[in-house]
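The values are calculated or read from the model by the stated rules, or taken from the named source; none is laboratory data. Predicted model, so just to flag it, every value in this text is computed and none were measured. Heads up, the Cβs are rebuilt from the backbone with ideal geometry, glycines too, and the neighbour counts pull from every protein chain shown.
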Amino acid sequence: MPESCPRTVEISAYLDHEQSAAERAQLQSHLAVCPQCGAMFAGLRGLRDELRELPDETLGFDLSEVIRGRLAATARPRPAPPPRRRWFQFVPMGLGAGAALSLGLFMGMGLMAGSAGVVAPRVAALAVFDPVAPGSLCVGSDACFARPAARPGVAR
């Protein structure tokens with residue numbers, strides 16, 4: 001008896017006539033010598049014959065129409081409408097936005113107060129945007145062409 005016994009799938013295909021003639025002949029010769037596969041074949045053939053003897057049952061009515069009618073009769077619950085917001089529910093949000101805006105304007109004006117005539121110094125990080133390449137000796141385009149003695153406020 002080879003290791004592939006019992007050949008349940010092949011025997012089922014044999015009973016359902018789903019094999020070629022060569023495969024059927026090979027399985028018939030195997031069934032003649034293998035007692036395990038022979039018993040499996042007899043059991044499956046008996047089961048097939050018993051299933052064929054079962055009577056065909058009919059309901060006498062269309063079950064799909066009964067189910068469709070029951071589904072139509074059940075009332076579907078409507079989803080609850082979203083809660084309406086009243087005008088006074090927006091007051092805290094409006095007050096918070098107004099306070100943030102007022103504080104931002106107040107702080108911005110405080111930083112800018114008294115700096116109308118003063119030019120803000122260049123920030124070293126912004127030197128990347130100058131027309132002179134980063135890493136050169138000039139901080140800005142005006143510094144490259146001005147003489148060191150002519151620049152006011154530069155300490156030597």
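Taking the condition assigned to a loop (DSSP other than H, G, I, E, B) and modelled with pLDDT of 85 or more, does Ala99 pass? So Ala99 fails the test. Within the range 17-41, can you find the residues that are free of Cβ contacts under 8 Å to residues at least 24 places away in the same chain and in a loop (DSSP other than H, G, I, E, B)? The answer is His17, Glu18, Gln19, Ser20.
Being in contact with an Asp or Glu (Cβ under 9 Å, 6 or more places away or on another chain) and either within 30 Å of Ile11 (Cβ to Cβ) or basic (Lys, Arg) (or both) is a property that does not hold for Arg85. Scanning the range 47-68 for residues that are outside any helix (DSSP H, G or I) and at pLDDT 85 or above yields a total of 2. Of Leu71, Leu111, Leu44, all but one fail to be assigned to a helix (DSSP H, G or I) and in contact with a Ser or Thr (Cβ under 8 Å, 6 or more places away or on another chain); the exception is Leu44. Quick one: is Gln19 surrounded by 11 or more Cβ atoms within 10 Å (Cβ to Cβ), touching a helix residue (DSSP H, G or I) at 6+ places or on another chain (Cβ under 6 Å) and of a type in the set (S, T, N, Q)? For Gln19, the condition - surrounded by 11 or more Cβ atoms within 10 Å (Cβ to Cβ), touching a helix residue (DSSP H, G or I) at 6+ places or on another chain (Cβ under 6 Å) and of a type in the set (S, T, N, Q) - is met.
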